[in-house]
């Protein structure tokens, strides 16, 4: 071999070989873990959803029966809101919406809000936030029960004036040293209820994303 | 390879040249994830595994690696190993993966790993290199666990909280509330607590070493803490 006279070529080939081995290894492991990772992620979402809407109260495929909506007047955020719809024998049971409260103390607070077909809050959970630890983070269920205070609330319970923290004359507690975080969450949940009230019919009737994607795919053929 | 030599490597990696407390490498993950014992342990184990596999691979290939391509080859090997670990964690320890998140891929940037590949594995045969990876990883892991325990205990009054993420359901029973009704000590949980905690650990180690030096009968007299820094 004349490789010795071309140390650069030899080195490049060797480096290429190592890169190839590394890529092959990664491709293999990716192939092995791919399905399980997707499954784990689905399971995680389903667990979160089931915390609000128990798995026994619906019998459709929650993760498939979804739509995305976009209404900045209600949600005050450009990101689309994902809506999971729970049905029992095709009768609407509840919607679960991934909303964002844009006015937290430290940016977006991502929430999952469940509303029953009759317009009652089934539950709210904080999915992610960057509020100050120790001050604003009692909005998390792990830190305090505050978020459970939304259960069974509706637009009539309390009336509009009551949908605020106590400092603003409303019915919801604030935390010592932190009013901004609870205020943001209360406002976001209230707006979601208002949106639900105004768009109840279309929320349940709009065909699911996966179905409309399917139909669109078929039309192309 | 004699056993005494392997013992020597173990002592060097885990104590004398402890990555966290003496060489002070890889501080970014060390300071960031050690708010609980379990987080520290998980990142420590992942780093240890990375060190062992990368040291072993580098050592096996050391005859082929010309000096000029050595560094890019190390980087390729380490990046592949870390990505494999990340994928496996994502698939099998999903909750933990969510907690440690970005710090798993960041293991790549832990200078200790490329440092051991360069300083040790590229010059030694596979067995000692594997041992060196284990020892260095062990030292790093112990530091993470100690710092995590210190911060979790002072910050939240618990130990082993979240152990179920690492060990499955039975880990839940491990979770200890050492100080009931702990009001929460924010300083320990936030980044300043990490710096203070690390400083305390380094001080404790130095005090220990200094005390050994003062004792004339001590078999180790050549050791002066802090002289191993590069």
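The values are calculated or read from the model by the stated rules, or taken from the named source; none is laboratory data. Here the structure is a predicted model, which is why all the values come from computation and not from measurement. Here the Cβ positions follow ideal geometry from the backbone for every residue, glycine too, while neighbour counts run over all protein chains shown.
Inspect all residues belonging to segment B:164-181 and state whether any of them is in contact (Cβ under 8 Å) with a residue 24 or more places away in the chain, within 15 Å of residue B:24 (Cα to Cα) and either surrounded by fewer than 20 Cβ atoms within 10 Å (Cβ to Cβ) or within 14 Å of chain A (Cβ to nearest Cβ) (or both).
no
Could you figure out which of (1) surrounded by 19 or more Cβ atoms within 10 Å (Cβ to Cβ); (2) modelled with pLDDT of 90 or more; (3) within 18 Å of the chain's Cα centre (by Cα) isn't true of residue B:79?
So residue B:79 meets the others, but not (1).
Can you go through B:159, B:100 and tell me which one is touching a residue at least 40 places away in the same chain (Cβ under 8 Å), more than 13 Å from chain A (Cβ to nearest Cβ) and touching a strand residue (DSSP E or B) at 6+ places or on another chain (Cβ under 7 Å)?
B:159
Please enumerate the residues belonging to segment A:151-181 that are in a helix (DSSP H, G or I) and in contact with a helix residue (DSSP H, G or I) (Cβ under 6 Å, 6 or more places away or on another chain).
The one that is in a helix (DSSP H, G or I) and in contact with a helix residue (DSSP H, G or I) (Cβ under 6 Å, 6 or more places away or on another chain): A:181.
Taking segment A:105-122, which residues are farther than 30 Å from residue B:185 by Cα and assigned to a strand (DSSP E or B)?
Residues satisfying the conditions are A:113, A:114, A:115, A:116, A:121, A:122.
If the requirement is being in contact with a helix residue (DSSP H, G or I) (Cβ under 8 Å, 6 or more places away or on another chain) and either modelled with pLDDT under 90 or more than 14 Å from chain B (Cβ to nearest Cβ) (or both), which of these qualifies: A:128, A:144, A:116?
Exactly one residue qualifies, and that residue is A:144.
Checking the structure you have, find out if any residue of segment B:176-186 is part of a helix (DSSP H, G or I) and over 20 Å from the mean Cα position of the chain (by Cα).
Taking every residue of segment B:176-186 in turn, at least one turns out to be part of a helix (DSSP H, G or I) and over 20 Å from the mean Cα position of the chain (by Cα).
Any chance you could count how many residues in segment A:54-73 are part of a helix (DSSP H, G or I) and either closer than 25 Å to residue A:93 by Cβ or facing chain B (nearest Cβ under 10 Å) (or both)?
The qualifying residues number 3.
Is it the case that some residue within segment B:144-152 is in contact (Cβ under 8 Å) with a residue 12 or more places away in the chain, within 14 Å of chain A (Cβ to nearest Cβ), part of a helix (DSSP H, G or I) and surrounded by fewer than 21 Cβ atoms within 10 Å (Cβ to Cβ)?
Within segment B:144-152, not a single residue is in contact (Cβ under 8 Å) with a residue 12 or more places away in the chain, within 14 Å of chain A (Cβ to nearest Cβ), part of a helix (DSSP H, G or I) and surrounded by fewer than 21 Cβ atoms within 10 Å (Cβ to Cβ).
Among the residues of segment A:1-53, which ones are at pLDDT below 85 and not in a helix (DSSP H, G or I)?
Residues satisfying the conditions are A:1, A:2, A:6.
Of all residues in segment B:40-70, which are without any contact (Cβ under 8 Å) to a residue 24 or more places away in the chain and either assigned to a helix (DSSP H, G or I) or within 9 Å of chain A (Cβ to nearest Cβ) (or both)?
B:61, B:64, B:66, B:67, B:68, B:69 - these are the residues of segment B:40-70 that are without any contact (Cβ under 8 Å) to a residue 24 or more places away in the chain and either assigned to a helix (DSSP H, G or I) or within 9 Å of chain A (Cβ to nearest Cβ) (or both).
Could you list all residues from segment B:82-97 that are free of Cβ contacts under 8 Å to residues at least 24 places away in the same chain and buried (at least 16 other Cβ atoms within 10 Å of the Cβ)?
The answer is B:83, B:84, B:86, B:87, B:88, B:90, B:91, B:94, B:97.
Would you call residue B:79 closer than 22 Å to residue A:32 by Cα, part of a helix (DSSP H, G or I) and either more than 14 Å from every other protein chain (Cβ to nearest Cβ) or in contact (Cβ under 8 Å) with a residue 24 or more places away in the chain (or both)?
yes
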